[in-house]
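Report on the following structure.
The values are calculated or read from the model by the stated rules, or taken from the named source; none is laboratory data. Not measured: the values here are computed from a predicted model. When we count neighbours, we look across all protein chains shown, and the Cβ atoms used for this are built from the backbone with ideal geometry, even at glycine. Accessible surface areas use protein heavy atoms only, side chains included; no ligands, DNA or RNA. Shrake-Rupley method; radii C 1.70, N 1.55, O 1.52, S 1.80 Å.
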Amino acid sequence: MPLVDAGTPPSSPRGYLFEIVPITGDTTLTENHRDRVLQVNSGSNVTLTLPRTLPVGFHCKIEQLGAGQVLFSAASGATLGNDFSHDRTPGQYGVADLYVTTNIGDYAAVYNLG
C-alpha cells in the first residue's frame, strides 16, 4: 500500500509520499537514494550493494515488483543486520525498509534491514 499524506495533494506517482526510483539491475546505494522508494522490477535476482560511507539516518524503502528477489550485499567495511539474519526480500511484492543506524568515522556504515 502506498504511503500517502491525506493533508496535501500527492506530488509523486500514484500518491506516494516519497519519490519513486525504478531499478532493473544491480545497483549500489548512493545519497541520491535517500528517502526514496526503490521499485525493483526484474525477472532475475538484483543485488543492492550497501556502501560503507552512507551517513547515519540514511533511509530508503525497497519494493520487489518482479519475480527476481532483491539481495542486500554489504560492501567491505559495511555491516547488514536485522533480527532474523535476512539478506533479501521475501518474494514478489515484498517490501523492506533499510536505514543506517551507525557509521564510525563515516567508513563503517551499519545497516538495519526491516
Here's a check for you: in the stretch 38-73, which residue that is farther than 14 Å from Val21 by Cα and β-branched (Val, Ile, Thr) is surrounded by the most Cβ atoms within 10 Å (Cβ to Cβ)? Val70
Extreme residue, nearest to Arg36 (Cα to Cα), among residues of the stretch 102-114 that are of a type outside the set (S, T, N, Q) and open to solvent by 50 Å² or more (accessible area, probe 1.4 Å): Gly114
Do you know which of the residues in the stretch 74-101 that are assigned to a strand (DSSP E or B) and β-branched (Val, Ile, Thr) is least open to solvent (accessible area, probe 1.4 Å)? Val100
